[in-house]
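Have a look at the structure below before the remarks.
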Amino acid sequence: MVSRHSLIPRTGLLLLLMAIESGAAHADTLTITPRFNTSETYTDNLTLAPGSQATPGFITELTPGINIKDNGSQLKLNIDYSLLDMIYNNYGWEHTYYNQLNASADLELVKKTFFIDAFSTISQQPLTLFGPVSANGANLTGNVANVTTETISPTLVHNFDEEFIAQAKLTHTLMNFSAAGPAAFGGGFSAPQVGFNPSYDFSSNSDIADLYVANGAEFTNFLWKLDYNNNQTSYPGFPSSTISLLTADLGYLITPRFKLTSQVGYENDNFVYFGPRPQGAFWNVGYGWSPSQRTHLDMSAGERFYGRTYLLNLSHRMHHVMVQAGYHQDVMSSMGQQYLPPAAALDQLLLNQITDPAQRQQTIQQILSALGPQASLFGMNVITNEIFLSKTFQSSIGITTTRNTLLFTLFDSQILPLQQPGAASLNNPFLQFQNYLAFGTFDTSGATFTWSNQLNPVLTATFSDTYTRYSMANLPGQETNNFLLMGISDKLTEKVSSSLTYRHQYMNGAGFIGGYSFMENALIAGLNFIF
């Protein structure tokens, strides 16, 4: 069996063409870095099967990749692509492939006036969290989705003699979820009742128009902004949804470091709803305080159609310590849930140690790669066309020393349905293959701890442990997950490194949605080459 999945999407091709043109015009700022990674994994549970059904096996991974960067005056370009080829020695050396892409481009067509931003990704995530969640999609689980995202945003900006600034931005996003990856031969995991239908490809389109006028530099104490935002999301064969907001922001700087904030507006949403009608006036009031460049606090409270709203953003950065906490609420669909909160915390943590943004992002990605599958860490990426209210809290503390980087994060995410999926009176206009929200409020909570230690100039040790708990309001029991990684990497030469990693996974879903449970131990040896 050979499994091939989506190639570079259209926006990715556009970015690649921009890279080729950039290479001809900006050879002095363009860098192209090919690489090749290979690893051999031994696992005592190749299919992440329950208990006595576990089968050991070997997985060989071959991953060629390339990074293209341009830091020109008009074009900022970063394309990172990998092709992951997995070979299953136990099954006649059969192959499966994953494309992995992270590409972005910022083009300034008219200086300080007209910009085009483009972004494209291909990644993998679990189809459902209530089944075997593979660390990188390599295990033969049948529980992997390809997630392809393409975004392009033309932006027009004009500064009217420093008195006010006007901006018009259009953002078009295409997101596609499709079943991917191999299942065990002769069987494999069957998605539970609330799981994903593997034969279905779910695509969605989002068009966001954002128009605003805000105060310019002439306003020193009085801050204002008028904003109109219209977000329409469509799904082939299903009703579209619209979230439309007209907002007026008013603020006043009492001192250069303390400001009062307020917001009033009107919301007129158009989606099949359950509960309060999604329209009407809204408001919030709060303040912002920055006693120093290293400390910032924003707090606000208000009212929206679904009830009270609250916001908290706190960050404090010292030379070796970073503390961050945040709470926010938002009405969204699955297209708004693709994010990884630790990245922002790590960026603040490493700001002093690594001043170069590109190098800092590379270090962040290396640390995050030790955290395991994204979707199992900070809530679920819901594969549905339903609209829901997301309430998310996250706090982090990070410590850096000459040799160590530590990050501890607590998180809690609640997803509350604003639509009732099974209501007969609504003619059931919802995608049913991952209907988590049919069971009421979905709660995800947990903690992560990562530690990286530079033993010597060429030897680095890493440790990561993640605990996650899932529960649903209308279902008994809960599911718990633990994901642990311990590894060591050795820089053999300037362009060659090796690694040895131990992985432990444990899921306990006893009494919860079919009661799926498994345990896995794996040892991974790898070699990485940069050309």
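The values are calculated or read from the model by the stated rules, or taken from the named source; none is laboratory data. For clarity, every value in this text was computed on a predicted model and none was experimentally measured. Neighbour counts run over all protein chains shown; Cβ positions are idealised from the backbone, glycine included. Note: areas computed on protein heavy atoms with side chains; ligands, DNA, RNA excluded. Shrake-Rupley method; radii C 1.70, N 1.55, O 1.52, S 1.80 Å.
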Quiz prompt | Test: residue in the stretch 369-390 that is open to solvent by less than 20 Å² (accessible area, probe 1.4 Å), within 19 Å of Ser445 (Cα to Cα) and at pLDDT 85 or above | solution = yes
Exercise. May I ask you to list the residues in the stretch 42-78 that are β-branched (Val, Ile, Thr) and open to solvent by 10 Å² or more (accessible area, probe 1.4 Å)?
Key: Thr47, Thr55, Thr60, Thr63, Ile66, Ile68
Quiz item: Hey, any hits in the stretch 455-464 for a residue that's touching a Phe, Trp or Tyr at 6+ places or on another chain (Cβ under 8 Å), of a type in the set (A, V, I, L, M), assigned to a loop (DSSP other than H, G, I, E, B) and at negative phi?
Solution: no
Quiz item: Of the residues that sit in the stretch 479-512 and are open to solvent by less than 30 Å² (accessible area, probe 1.4 Å) and not in a strand (DSSP E or B), which one is farthest from Gly65 (Cα to Cα)?
Solution: Phe512
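Restricting attention to the stretch 313-325, which residues are under 22 Å from Thr405 (Cβ atoms) and free of Cβ contacts under 8 Å to residues at least 24 places away in the same chain?
Of the stretch 313-325, the ones under 22 Å from Thr405 (Cβ atoms) are 314-325.
Selection gives Leu314, His316.
Could you tell me which of the residues Tyr266, Tyr287, Tyr310, Tyr252 is aromatic (Phe, Trp, Tyr), within 30 Å of Thr149 (Cβ to Cβ) and in contact (Cβ under 8 Å) with a residue 12 or more places away in the chain? First the steps, then the outcome.
Values: Tyr266 fails: within 30 Å of Thr149 (Cβ to Cβ); Tyr287 fails: within 30 Å of Thr149 (Cβ to Cβ); Tyr252 fails: within 30 Å of Thr149 (Cβ to Cβ).
The unique qualifying residue is Tyr310.
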Quiz item: Would it be correct to say that Thr493 is at pLDDT 90 or above, more than 30 Å from Ile397 (Cα to Cα) and hydroxyl-bearing (Ser, Thr, Tyr)?
Solution: yes
Practice problem: Of all residues in the stretch 100-144, count the ones that are crowded, with 22+ Cβ neighbours inside 10 Å, part of a strand (DSSP E or B) and modelled with pLDDT under 85. | Solution: 4
Quiz item: So which of Phe238, Phe258, Phe202 is over 24 Å from the mean Cα position of the chain (by Cα) and either open to solvent by 80 Å² or more (accessible area, probe 1.4 Å) or within 30 Å of Thr441 (Cα to Cα) (or both)?
Solution: Phe238
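Kindly indicate whether Pro421 is touching a Leu at 6+ places or on another chain (Cβ under 7 Å), outside any strand (DSSP E or B) and either open to solvent by less than 20 Å² (accessible area, probe 1.4 Å) or modelled with pLDDT under 75 (or both).
Working: touching a Leu at 6+ places or on another chain (Cβ under 7 Å): yes; outside any strand (DSSP E or B): yes; either open to solvent by less than 20 Å² (accessible area, probe 1.4 Å) or modelled with pLDDT under 75 (or both): yes.
Here the answer is yes, as Pro421 does meet what is asked.
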Quiz item: For Ser190, all conditions in the list (1) touching a helix residue (DSSP H, G or I) at 6+ places or on another chain (Cβ under 8 Å); (2) at pLDDT below 70; (3) of a type in the set (Ser, Thr, Tyr) hold save one; what is the number of the exception?
Solution: (1)
Quiz item: Assuming Ser464 fulfils every condition listed in (1) over 30 Å from Gly237 (Cα atoms); (2) surrounded by fewer than 21 Cβ atoms within 10 Å (Cβ to Cβ); (3) among the small types (Gly, Ala, Ser); (4) modelled with pLDDT under 90 apart from one, which condition is it?
Solution: (2)
